[in-house]
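Read the structure below first, then the notes.
The values are calculated or read from the model by the stated rules, or taken from the named source; none is laboratory data. Everything numeric in this text was worked out from a predicted model, so none of it was measured. Here Cβ is always computed from backbone atoms with ideal geometry, including for glycine, and neighbour counts include all displayed protein chains. Quick note on the areas: whole protein, heavy atoms, side chains included, nothing else; ligands and nucleic acids left out. Shrake-Rupley method; radii C 1.70, N 1.55, O 1.52, S 1.80 Å.
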Amino acid sequence: MKAIKQTPTYLPEVEANPQPSPYADLIRVAKDSGREHWQIWNLFAFRPEVTSHLASFTEDVMRGPAPISEGLRELIATYTSWTNACEFCWRSHAAVAAEMLGSEELVRSVLNDLESSALPEAEKALMRFAHKMTKQLPDMADNDVAALRELGWNDEAIYYTILVVALFNFYNRWVTTSGVHPVSDEAHRLHGTRLALSGYESKNRLAGIHASGMQLAKP
């Protein structure tokens, strides 16, 4: 099956040289099935000896035990990416958050108008914190943390919020500056659903593809 043509990234030598890894396999599976792939996989596949650690770190931050749910962590990641106008990231993680929270409408309303959304006030405060940390970092102070404590968040929950926001500020800059482009709504939903189910470790994502009936093509 012919692969869908996608706009190249800004780093053609990186895109053209995936090294043997589960990320290279993810790219090949998508292309062989005629589907769009998430071009961030090219960044991971170029130096897997480095990026495998990033994937494991992301898995721990986003899926490990924490006082805030996995769905809420995904929503914080989405809101941070929206704040940075990183279209690939916010669309990707909006799809994951919608799958985990069970409401595409809620995710969309948070992005379009946080204050009028149905998100509980304590969770809105985490989004405001994420926005300020992203856009007004020098102004962050103890009172920002204290305000979250007053709403019932303990230090561990705040710690994880900071981790998610910091991580996605990294991802937003890595993705945008490398020229990773968003894909179609259908592809974002497809990959988002798989990411919600399988997590961030590439080997688990491949296993999820196998489970869904899409087999690896022969090299």
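So, in region 60-71, how many residues would count as being farther than 15 Å from E123 by Cα and open to solvent by 40 Å² or more (accessible area, probe 1.4 Å)?
2
Does region 69-88 contain at least one residue that is in contact (Cβ under 8 Å) with a residue 60 or more places away in the chain, farther than 26 Å from E156 by Cα and in a helix (DSSP H, G or I)?
Yes; the residues of region 69-88 include at least one that is in contact (Cβ under 8 Å) with a residue 60 or more places away in the chain, farther than 26 Å from E156 by Cα and in a helix (DSSP H, G or I).
With of a type in the set (F, W, Y), within 19 Å of S202 (Cβ to Cβ), in contact with a helix residue (DSSP H, G or I) (Cβ under 6 Å, 6 or more places away or on another chain) and modelled with pLDDT of 95 or more as the only criterion, which of F46, F57 stands out?
F46 is the lone residue from the list that is of a type in the set (F, W, Y), within 19 Å of S202 (Cβ to Cβ), in contact with a helix residue (DSSP H, G or I) (Cβ under 6 Å, 6 or more places away or on another chain) and modelled with pLDDT of 95 or more.
Can you tell me how many residues within region 149-172 are more than 12 Å from the chain's Cα centre (by Cα) and touching a residue at least 60 places away in the same chain (Cβ under 8 Å)?
Number satisfying all stated conditions: 7.
Among the candidates E36, E87, E74, single out the residue that is open to solvent by 70 Å² or more (accessible area, probe 1.4 Å) and among the charged types (D, E, K, R).
One residue alone meets the criteria, E87.
Quick check on H53: is it open to solvent by 10 Å² or more (accessible area, probe 1.4 Å), touching a residue at least 60 places away in the same chain (Cβ under 8 Å) and out of contact with any Cys (no Cβ under 8 Å at 6 or more places or on another chain)?
Taking the combined requirement at face value, the residue does not satisfy it.
So how many residues does region 1-13 have that are surrounded by fewer than 17 Cβ atoms within 10 Å (Cβ to Cβ), touching a residue at least 40 places away in the same chain (Cβ under 8 Å) and either in contact with a helix residue (DSSP H, G or I) (Cβ under 8 Å, 6 or more places away or on another chain) or under 20 Å from T51 (Cα atoms) (or both)?
Qualifying residue count, region 1-13: 2.
Among the residues of region 168-219, how many are modelled with pLDDT under 90 and not in a helix (DSSP H, G or I)?
Of the residues in region 168-219, 9 are modelled with pLDDT under 90 and not in a helix (DSSP H, G or I).
Search region 115-159 for residues being among the hydroxyl-bearing types (S, T, Y) and open to solvent by 70 Å² or more (accessible area, probe 1.4 Å), and hand back the single one that is farthest from V61 (Cα to Cα).
Residue satisfying both the conditions and the ranking: S116.
Could you go through region 111-120 and let me know if any residue there is touching a residue at least 40 places away in the same chain (Cβ under 8 Å), within 24 Å of P182 (Cα to Cα) and more than 17 Å from the chain's Cα centre (by Cα).
No, there is no match, as no residue in region 111-120 is touching a residue at least 40 places away in the same chain (Cβ under 8 Å), within 24 Å of P182 (Cα to Cα) and more than 17 Å from the chain's Cα centre (by Cα).
Any idea which residue in region 94-105 is farthest from S81 (Cα to Cα), counting only those that are part of a helix (DSSP H, G or I) and open to solvent by less than 40 Å² (accessible area, probe 1.4 Å)?
A98
Residue by residue through region 160-197, note down the ones that are of a type in the set (F, W, Y) and surrounded by fewer than 13 Cβ atoms within 10 Å (Cβ to Cβ).
The answer is F170, and nothing else.
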